[in-house]
Structure formats: C-alpha cells, structure tokens
1. Quick one: grab the alpha carbon gyration tensor of the chain, order the square roots of its eigenvalues as a ≥ b ≥ c, and give me rounded if a/c is under 1.5, else prolate or oblate depending on whether a/b is larger than b/c.
2. In the neighborhood of Tyr320, defined by Cβ-to-Cβ distances under 15 Å, what is the net charge if each Lys or Arg adds +1 and each Asp or Glu adds -1?
3. Which shape class applies to the stretch 58-128: rounded if a/c is under 1.5, otherwise prolate when a/b exceeds b/c and oblate if not, where a ≥ b ≥ c are the square roots of the Cα gyration tensor eigenvalues?
4. Under the rule a/c < 1.5 gives rounded, and otherwise a/b versus b/c splits prolate from oblate, where does the stretch 147-292 land using the Cα gyration tensor?
5. Which residue fluctuates most in the GNM of the chain (Cα springs below 10 Å): Thr68, Thr249, Thr193?
6. Using θ = phi - 60° and the Karplus form 6.51 cos²θ - 1.76 cosθ + 1.60, what ³J(HN,Hα) does each residue of the stretch 327-333 get, whole Hz, x for Gly and Pro?
7. Could you pull out every one of the lysines with an alpha carbon less than 24 Å from that of Lys206, ignoring same-chain neighbours closer than 8 positions?
8. For the chain, what does -39500 (n - 2.57) per DSSP helix run (n ≥ 4), summed and divided by total residues, give at 222 nm, in deg cm²/dmol to the nearest 500?
Amino acid sequence: MALINEHFLKLPGSYLFSDIAKKVQTFKITHPKADVISLGIGDVTRPLPQAVRDAMHKAVDEMGSMDTFRGYGPEQGYSFLSEAIIKHDYAPRGVSLDSSEIFINDGAKSDTGNMGDILRHDNCVGVTDPIYPVYIDSNVMGGRTGVLEEGKWSNIVYIPCTEENNFVPEIPARRMDILYLCYPNNPTGASITKDALKMWVEYAIKNNVLILYDGAYEAFIQDSDIPHSIYEIKGAKKVAIEFRSYSKTAGFTGVRCGYTVVPKELMGFTLSGEKVSLNQLWNRRQSTKFNGTSYITQRGAEATYSPEGKIQVKEIIDYYMNNAKIMKQGLESVGLKVYGGENAPYLWLKMPNGISSWKFFDQLLYGANVVGTPGVGFGPSGEGYFRLTAFGTYENCITAMERIHNWLK
Ligand SMILES: *Cc1c(COP(=O)(O)O)cnc(C)c1O
C-alpha cells in the first residue's frame, strides 16, 4: 500500500490563476463579442532576442554534428554560463563568486520550490505578505506550515507589507529559521533600499536565519541606489541563497533557464548544532535529482551577456517599464492609488472605497473587459489590493487604460 504525502491534501483545492481563468471563461461565454485584455498572469509577451535565437540555432547545429554533439552536461550547468554570470551579473557590483557557487537550473520556480529538500521539516518559515505563492505552497508540501486557519498557516510567520508600512517589512517578534524575501517584489512592485536589506542581513546573522532571496526582477531596477543582489550587503554570503531567472528579462518563460547562488560560506545546522555546508548539500541534491538544463538553452542564456544580447535585453526591459509608466499615469489620472511600477513590472492598486480585491476583479472585468489579479490571492495582507502586470503589449496597455478611463469617468 503506497501511503501518500498527506501534506499535499492540506493545499487549498484550486489555484489562484485557475479561479481567474474560470471567471474569465464565464464572462466570455456570456459576452461572446467582448475582447478581453489580460494584464493578469505574469507571463511575458516580447519574443526571444535575436542574439539568443542565433546562439540557440548555432547550438542546435552543434548538437546535430558528430564532432560537436553533447550529451549529458554537468548537473550544475556549463562553466561558460556560470562564468558569464559571475563576470556580468556579480563582478561589476563588487561581488566575487566561484563558479561552484552557481547552479544553473530550468527556472527560479523549481529551485525556490525544491530548496526545501535540504531543510528539515520543522524549521519555522517566515514570508513577507503578500507573496509569490510558490514559497508557501512548497513548504506546505514539505510539512512545515501547520494548519490553515482563516487564510493563514499556523506555523508560518507572516510579515505584512502594506500601505501602512510603505511595503517595507519590519522584523517580527516571532522567531524564524528561514525567511523568503523577493525584491523587486512580485506582487507589490516594491523595491528594498540598501539600508533595509542591511537590517535584514544583520538580523539573519545575529539570529542564524537562512534568507532565500528571490531576485527574479533584479534587471528591472531603474534607481541607481537600489541593491541588485543581496550579496552587495556585507556578510550576506553567510546567510543567503539567491535566485535569478532569465524568464522575465529575456523572454525565457517558455525556454526555461535561471540560476541559484549557494555561497560556500553558507552553513546550515544539524539538530545537534554541527555546521554543514548548504552548497555541498544542494550540490548533492542537484546531482541526484537534476540532469542539467539543456545545452541549447544555456547557450541562449549566455547570449544575453553578449554586447548585442545586452542591448536587446535592455530593449525588452525598457518596453515593459514604459508600459508600467503609461499604466501608472493612466490609473492615477482616474483617481486610483497605485504603488510599484517604478523598479518592477508590477503595479499594485489600492482598492477604492474599501471594496474587496475579488469584487474589483469582477467590476474591472465587466466594466472595462480587463483582467488583473486580486491581491488577496497572494496572501492575507493582499486583501484590498489588486495586481496589474506591465508584461502585455504596448497596444493592449494603451487600450486597457482607455477602457478603464471610460469606465471610471
Ligand atoms: C516569474 C517569477 C520567477 C521566475 O520563475 P521561472 O521559473 O524562472 O520562470 C521567480 N520568482 C518570482 C517571484 C516570479 O514572479
């Protein structure tokens, strides 16, 4: 008899985006002529940069020739890519890393979700709230969250990020062992200052907290004083794992590539207090359960660092950030309160007149035929807020703003 991991049964039945899809489907059936614009799901619309496609085509040809064919690659990724990452993403910011500290993967979701494999089931987990749902759901599967009571897991420390604290998390009274931070943030679009991040790193050092830092939106930072990597903060290598992804910046949501940095000096502990290298554990985990990202994909990711690749990636980012600017202006002009959108491709709307975020979802869908994401789907502190993404096309952003304008005026 195969006994199941019963923690899976605790997960609420239906996922946020499938609830949204059902509501949109119902609307489309009853309004067959309506043209619905989605500014909801965080998928991108700009195609792969030319430099990436060229590199991938070349890699395909290499794979088709006896002399240059490659089979299994290193589980940790090819050094041509990890060295490019160090040279272009970290060295210019004063962060030195060894390529053995970089693990290439098939996207940040996998590793943020899988990291729990090397961590005990009874760690206490903290998250900023609202949050990317993968962090919590993967910990539910690992049995770390306790029971769900009124929208909150009993063993999760929720650190509210709302208008009241300007979306800057404050150190909670309750102790935790693992903390997820994501900056620039999905869903709130907030970024973190160097001083605030320093406060968290120092807290983690003092209290032996492991920080899992999701930097998937690092490339969208526009202001020069915002940190791009947690390792820009002194001492962070002792306490933090960092996740990055090519998904949003280079159109890799369908290609799949990202990487995780696990510094050599980062230690975990056994129950009896012995130190163990997390880099070694993660390396062991990856070598056993992962057989590497495809060679073709890694060549594509490498091409984002070529001179042409860098220009083309910047064009993509500028395109989305221009959308964000247009959306922010458009929404503010009809009297909505809008956060984010300056260093992140997300706009976080405060709901007018205290209406719920699902109610606003329905009103926006029926009133302007625009789809967004109810903030409450990202956690209890997301109630009363609403997420729009800047990943649509320019034309759709313009049309959506016109519709919202006509609807609310
Ligand atoms: C999109 C996103 C990622 C990246 O996911 P991939 O698996 O790399 O596509 C990671 N973290 C957050 C918060 C995201 O929104």
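Only the coordinates and a few stated rules stand behind these numbers; no lab work does. Quick caveat: nothing in here was measured; it's all calculated off a predicted structure. Glycine gets a Cβ as well: all are built from the backbone with ideal geometry, and neighbour counts include every protein chain shown.
1. oblate
2. Summing Lys and Arg as +1 and Asp and Glu as -1 gives 0.
3. Because a/c hits 1.5 or more and a/b fails to exceed b/c, the stretch 58-128 counts as oblate.
4. Rounded.
5. The residue that fluctuates most here is Thr68.
6. 5, 4, 4, x, 6, 5, 5
7. Candidates past the 8-residue exclusion: Lys194, Lys198, Lys234, Lys237, Lys238, Lys264, Lys275.
8. Mean residue ellipticity at 222 nm (helix-derived): -11000 deg cm²/dmol.
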